[in-house]
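**Q** Here it is, the structure, as structure tokens.
The values are calculated or read from the model by the stated rules, or taken from the named source; none is laboratory data. The structure displayed is predicted, hence computed values, not measured ones. No Cβ is skipped: glycine too gets one built from the backbone with ideal geometry, and neighbour counts run over all protein chains shown.
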Amino acid sequence: MKTIDDLEVSGKRVLVRADLNVPLDGTRITDDGRIRASVPTLSALLERGAKVIVTAHLGRPKGDPETDKKYSLAPVAARLAELLGKPVAFAADTVGESAKATVAALGDGEIALLENVRFNPAETSKDAVERGKFADELAAFADLFVSDGFGAVHRRHASVYDVAEDLPSAAGYLITKELDVLKRLTENVERPYAVVLGGSKVSDKLAVIDNLLDKADRILIGGGMVFTFLKAQGHEVGKSLLEEDQLETVTGYLERAKDSGVEIVLPVDIVAATAFAADAEHEVVAADAIPADRLGLDIGPESGKLFAAKLAGTKTVFWNGPMGVFEMEAFAGGTRAVAQGLLDSGAFTVVGGGDSAAAVRQLGFVSDDNGHSDEDAFGHISTGGGASLEYLEGKLLPGITVLEG
Ligand code: ADP
Ligand code: MG
């Protein structure tokens, strides 16, 4: 796979697919980790005298920039300019008049960001011809393509996949770094290897367990996923998150784990609340005694201790998905305990998933001050939850294979 170091970029127009999909509260960016992670590639291209055109998505808009303003990348352009220390021209559309004028005005060493690429429905179209046409329009802006949006490489989208077939292409530094890290989780893993899974996208994440049962020594389960496991063991889970149609699959996992000697660690206690609310009444109950009228919003303190103990002595850990609703202080304890356990373990840790990354930052485990927040005690904070999970599932990532092509 070619990297940007293999490209002659001086004076060239370079289209960069970045991942700038950050959480916003109105127009305020609540976690700029992904913008920071895009900086090394962009800075390098600018220093080498390229004209840089950045394309990226934000959320899943249904309408256009006028009707769906909350999906505009405008706040991101402003933050990117601060981080780069130079102006970022912002185009109000993806391939329209504004984009054309903005790109035409770029000088060497200057940068522009195009509006949210998903405002154009062809970006995510299942129809390869439709996608291809849109990719051609994007490609017409540039001489070269650099793929660096790791969080989107598992998507066969126009700006991720099709455009790489139109232009000489290379991987940016974020992609190569993310892949290097993921290789440490799949090739010659240092053992014991533990995986911690949680969060709320339960059915998405159950698939990874299938593959991990052959690879991990220990799987710790928290977050919304727990309740499908507890139910599969015959326990009451009240109004907690539950994937009824996955019960059989989960039962199968538990049996396979037993056969293959993989330890599945489930919480022993649960913080059960009367409602999904920051001020909801709540109490700690045994994991097999959740009251029928309550919902579990975090693993309990005994489980936090248990999980930390199970992480002690491990050499490699992959963590995806918070242990509870960490956004609400009453339900952040489990996530905090696991984060602390990871730090104490000294293991090589990879944290994947947008909310998991936000959790470790928000709970104060990682400082953002040096701009290298992913390189400190936590080993590595991946910018791509879905992408890293699919990689660990053993799936091919279209945005990567097209670069190897
Ligand atoms: P990531 O983005 O790290 O992959 P997810 O998107 O799957 O993680 O899940 C993150 C969300 O899961 C958080 O917003 C958190 O509040 C929620 N969550 C965690 N535990 C529970 C639970 N027990 N019930 C409901 N939601 C939960
Ligand atoms: Mg998420």
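**Q** With respect to LEU342, is the statement that it is in contact with a strand residue (DSSP E or B) (Cβ under 7 Å, 6 or more places away or on another chain) and either under 27 Å from ALA18 (Cβ atoms) or part of a loop (DSSP other than H, G, I, E, B) (or both) true? Before you say what the answer is, go through the steps one by one.
**A** Working: in contact with a strand residue (DSSP E or B) (Cβ under 7 Å, 6 or more places away or on another chain): yes; either under 27 Å from ALA18 (Cβ atoms) or part of a loop (DSSP other than H, G, I, E, B) (or both): no.
Against the criterion (in contact with a strand residue (DSSP E or B) (Cβ under 7 Å, 6 or more places away or on another chain) and either under 27 Å from ALA18 (Cβ atoms) or part of a loop (DSSP other than H, G, I, E, B) (or both)), LEU342 does not qualify.
**Q** Any idea which residue in the stretch 352-376 is modelled with the highest pLDDT, counting only those that are outside any helix (DSSP H, G or I) and aliphatic (A, V, I, L, M)? Step through it out loud before you land on a result.
**A** From the stretch 352-376, those outside any helix (DSSP H, G or I) are 352-353, 363-372, 376; that's our starting set.
Now narrow it down to the ones that are aliphatic (A, V, I, L, M): 363, 366.
Working: LEU363: 84, VAL366: 73.
Per the criteria, the residue is LEU363.
**Q** Return only the number of the condition from (1) within 16 Å of ligand 2 (Cβ to nearest atom); (2) assigned to a helix (DSSP H, G or I) that HIS154 does not satisfy.
**A** (2)
**Q** Now, a different point. Quick one: is VAL285 free of Cβ contacts under 8 Å to residues at least 60 places away in the same chain, within 11 Å of ligand 1 (Cβ to nearest atom) and among the aliphatic types (A, V, I, L, M)?
**A** Values: free of Cβ contacts under 8 Å to residues at least 60 places away in the same chain: yes; within 11 Å of ligand 1 (Cβ to nearest atom): no; among the aliphatic types (A, V, I, L, M): yes.
No: the conditions fail for VAL285.
**Q** Residue check: is VAL39 in a strand (DSSP E or B) and either under 25 Å from the mean Cα position of the chain (by Cα) or surrounded by 20 or more Cβ atoms within 10 Å (Cβ to Cβ) (or both)?
**A** Values: in a strand (DSSP E or B): no; either under 25 Å from the mean Cα position of the chain (by Cα) or surrounded by 20 or more Cβ atoms within 10 Å (Cβ to Cβ) (or both): yes.
So VAL39 fails the test.
**Q** Then there's this: Out of GLY353, GLY333, GLY341, report the one residue that is under 24 Å from the mean Cα position of the chain (by Cα) and either within 16 Å of ligand 2 (Cβ to nearest atom) or of a type in the set (Val, Ile, Thr) (or both). Show your work before the answer.
**A** Details: GLY333 fails: either within 16 Å of ligand 2 (Cβ to nearest atom) or of a type in the set (Val, Ile, Thr) (or both); GLY341 fails: either within 16 Å of ligand 2 (Cβ to nearest atom) or of a type in the set (Val, Ile, Thr) (or both).
Residue meeting the stated conditions: GLY353.
**Q** Would you check if PHE318 is surrounded by fewer than 21 Cβ atoms within 10 Å (Cβ to Cβ), under 19 Å from VAL208 (Cβ atoms) and of a type outside the set (A, V, I, L, M)?
**A** Numbers: surrounded by fewer than 21 Cβ atoms within 10 Å (Cβ to Cβ): no; under 19 Å from VAL208 (Cβ atoms): yes; of a type outside the set (A, V, I, L, M): yes.
So PHE318 does not fit the description; no.
Here's the yes/no breakdown for (1) farther than 19 Å from LEU174 by Cβ; (2) not in a helix (DSSP H, G or I):
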{"residue": "VAL52", "(1), (2)": "no, yes"}
{"residue": "PRO65", "(1), (2)": "yes, yes"}
{"residue": "LEU80", "(1), (2)": "no, no"}
{"residue": "PHE90", "(1), (2)": "yes, yes"}
{"residue": "THR94", "(1), (2)": "yes, yes"}
{"residue": "SER98", "(1), (2)": "yes, no"}
{"residue": "LYS126", "(1), (2)": "yes, yes"}
{"residue": "ARG131", "(1), (2)": "yes, no"}
